[in-house]
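Here, each number is a calculation from the coordinates, and none is a lab measurement. As the structure is a computational prediction, the values presented were derived from the model and not from experiment. Note: ideal-geometry Cβ built from the backbone for every residue, glycine included; neighbour counts use all protein chains shown.
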Amino acid sequence: MIGCMHDLNTIAELHEFLRTKSKGESEVERPLEGMEVALTINGMVHRNVDKSEEEDYWCRDENSVANFHKMVDALKRNEMPPTVDFIAARWSDPELQEKWLKAGNLIGSLTFERQKAHGFTAEEFIDDLKKTDQVLSPLMIKDSQRQRYFRYPRLKRALNPGDQSVVGAYLKKTGYAEVPATIDSLDSKFSELFCKASSRGDQACANLIKGYFTPLLLDSALRARMIANEIMGRDVKHIMMLEATQFTSDNLDEILKFCKRMGVKFITLDEALADPFYQRTTREGGSEAVDLLRRVQKRQTGESDE
């Protein structure tokens with residue numbers, strides 16, 4: 001288990017958590033009581049994979065129909081509200097996306113290739129959005145999804161204020177709701193370690209990885225709640241991000257049950273976005289919600305967020 005703990009300590013947030021806190025859910029039985037959270041997913045498992053590109057990737061088999069059904073079934077078992085999956089259109093799998101919609105869930109845009117906005121001019125970025133629309137719009141129309149959702153990859157907007165203004169106007173004109181997040185589950189940082197342990201048949205290590213994920217998720221949620229209260233003087237409705245990884249596929253049912261056991265009430269994304277908090281901007285013109293998330297990340301790695 002020494003090697004397993006060594007790998008886990010490469011996750012900076014977990015390393016700091018273990019350094020400063022004892023393992024355990026909380027001294028309070030339901031520390032997230034009354035906290036309203038909209039679950040969102042970034043990416044989705046798909047079958048359009050170049051296996052040669054993933055040859056040396058521990059989670060190379062995560063893109064499968066079986067994993068897709070694991071996630072859909074976990075959402076259904078936990079009676080979750082419609083969950084928005086943000087898709088990079090280049091890797092869209094229309095058949096699976098249609099099944100996702102038929103299961104009562106929704107889709108959003110994560111650009112065409114999930115590239116950060118500051119690598120484009122405004123015109124190039126809008127062209128990318130139009131290209132994505134050509135893929136996703138027919139699916140939304142077919143399933144009568146009225147609201148459109150957009151999330152910047154890694155939640156990073158364009159660096160140039162002028163370009164950002166142009167892109168923001170385009171999103172508004174075309175009916176997209178820009179979706180930030182306040183809680184990063186950090187599941188992607190656990191997934192490759194989980195796959196590595198599973199591939200060598202080390203179930204004890206895989207269980208240890210799962211065991212440390214949930215207290216860190218709780219820590220992320222508690223910090224987000226505390227900072228939101230510092231800003232607004234009240235609880236806000238939060239938005240959580242998960243990634244469509246092998247770890248998430250295998251453990252989503254347990255993750256959702258854990259959140260509910262901690263007191264979370266899951267709500268729709270529209271309910272969360274209706275909170276006036278999501279209209280707030282920083283002095284630099286950025287999203288207050290994304291700034292909150294960055295502050296959580298800094299505190300979790302022992303940095304100052306001043």
- line: Once the mean of 1/r over all distinct C-alpha pairs in the stretch 126-271 is inverted, the Kirkwood radius in Å reads 18.0
- request: Using Cα pairs closer than 8 Å and at least 6 residues apart in sequence, work out the relative contact order for the chain, in percent.
  value: 30
- line: Placing +1 on each Lys and Arg Cβ and -1 on each Asp and Glu Cβ in the chain, then taking the dipole about the Cα centre, the residue among Tyr149, Leu139, Ile231 whose Cα reaches farthest towards the positive end is Ile231
query: Restricting the count to DSSP beta bridges whose residues both fall in the chain, what percent are antiparallel, rounded to a multiple of 5?
result: 5
- request: Take the Cα atoms of the stretch 99-177, find their three principal axes, and give me the spread along each one in whole Å, biggest first.
  value: 39, 22, 18
Within the chain, helix-based [θ] at 222 nm, where runs of 4 or more DSSP H residues each add -39,500 (n - 2.57), nearest 500: -15500 deg cm²/dmol
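Rg to Rh for the chain: what is it, with Cα atoms only and Rh by Kirkwood?
Working: Rg = 19.0 Å, Rh = 20.1 Å.
Answer for the chain: 0.95.
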- prompt: Among Asn207, Leu273, Gly108, whose Cα sits farthest toward the positive end of the charge dipole of the stretch 11-300 (+1 at Cβ of Lys/Arg, -1 at Cβ of Asp/Glu, about the Cα centre)?
  reply: Leu273
query: In the stretch 11-300, with Lys and Arg counted as +1 and Asp and Glu as -1 at Cβ, which of these residues, Ala88, Pro180, Ser64, has the Cα nearest the positive end of the dipole, that is, farthest along it?
result: Pro180
- line: TM-like helix rule applied to the chain (DSSP H, alpha carbon span at least 27 Å on the long axis, mean Kyte-Doolittle at least -1.0) gives 122-142, 203-232
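Among Asp128, Asp235, which comes first, second and so on when ranked by fewest other beta-carbon atoms within 10 Å?
Ascending number of Cβ neighbours within 10 Å: Asp235, Asp128.
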field: Isolated Cys in the chain, by beta carbon distance under 4.7 Å
entry: Cys259
task: Report, in debye and to the nearest 20, how large the dipole of the chain comes out about its Cα centre when Lys and Arg carry +1 and Asp and Glu carry -1 on their Cβ.
output: 520
statement: From fewest to most C-beta neighbours within 10 Å, the residues His118, His46 line up as His118, His46
